[in-house]
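Working notes for the structure below.
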Amino acid sequence: MDKKDQNTEQNILNAAKKVFQLKGMDGARMQEIANEAGINKALLHYYFRSKQMLFDAVFKAAFEMIAPQLNEILNDESSIEDKIKNFTYNYISFIIQHPYLPNFIIQEINRNPEFILQMKENPGFPNLKKFKNQINDEVKAGQIKPIKAEQLFINILSLNVFPFIGKPLIEAIGDIDDNQFKLLIEERKTHVANFIINSIKV
């Protein structure tokens, strides 16, 4: 693929990301994506034959940016406390830049449960094996309260993911505007980690 083709493809992916963010997978139309990219629909279909292929490419590109980072954190030699801090900070920082991603994932899992199983085959997909062993060892040593590694990971994931998925609800119930929400999210980079660490401290 020459540079011109690469630029066109990236332009399409950027346009698709915007449209998917606004309309979701089911609501997005290929013509809208072509319009956003400033190309005709025939050229769009030349690069991506279907909306599903385009969605997969957008999702994969974003997922491949964050998944290896999270996997590295889960499997490095740092303490559980540092893992929680680093995971939370990196995840929230990344999603601030890619706010469409959590809804993308939820929508696609509900629409196509096999999709995440396909993603699991990709190199760099987060692996909990070392994290689980580390939690089990620290529980046995009395360094943290008894907790299953899976439950702890669900706590970490839920507290980090939900605010992005539930943004309209949080803003409405909290009676806050977009700028106030952004400030809350910035605070959560450290608040979530501290909350979870304090919950498992002996």
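Structure values in brief
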| item | result |
| --- | --- |
| Members of the stretch 71-103 that are closer than 30 Å to Glu138 by Cβ and at pLDDT below 85 | Pro102 |
| Failed item, numbered, when Leu157 is tested on (1) among the aliphatic types (A, V, I, L, M); (2) assigned to a helix (DSSP H, G or I); (3) modelled with pLDDT of 95 or more | (3) |
| Check on Phe87, outside any loop (DSSP other than H, G, I, E, B), of a type outside the set (Ser, Thr, Tyr), more than 14 Å from Gln69 (Cβ to Cβ) and in contact (Cβ under 8 Å) with a residue 40 or more places away in the chain | no |
| Checking Arg49 against (1) among the basic types (Lys, Arg); (2) under 18 Å from the mean Cα position of the chain (by Cα); (3) not in a helix (DSSP H, G or I), the condition it does not meet | (2) |
| Residue in the stretch 1-46 that is nearest to the chain's Cα centre (by Cα), counting only those that are more than 22 Å from Gln118 (Cβ to Cβ), assigned to a helix (DSSP H, G or I) and basic (Lys, Arg) | Lys18 |
| Filter result for Ala62 (touching a Leu at 6+ places or on another chain (Cβ under 7 Å), in a helix (DSSP H, G or I) and crowded, with 17+ Cβ neighbours inside 10 Å) | yes |
| Members of the stretch 158-181 found to be charged (D, E, K, R) and surrounded by 13 or more Cβ atoms within 10 Å (Cβ to Cβ), listed by number | Lys167, Glu171 |
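One line per residue, one yes/no per condition, for (1) in contact (Cβ under 8 Å) with a residue 60 or more places away in the chain; (2) exposed (fewer than 13 other Cβ atoms within 10 Å of the Cβ); (3) assigned by TED's automatic domain parsing to the domain that holds Phe153:
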residue	(1), (2), (3)
Glu9	no, no, no
Leu13	no, no, no
Leu22	no, yes, no
Asp26	yes, yes, no
Ala37	no, no, no
Lys41	no, no, no
Ala67	no, no, yes
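The values are calculated or read from the model by the stated rules, or taken from the named source; none is laboratory data. As the structure is a prediction and not an experimental result, all values here were calculated from the model. Cβ coordinates were reconstructed from backbone atoms using ideal geometry, including for glycine residues, and neighbour counts include every protein chain displayed.
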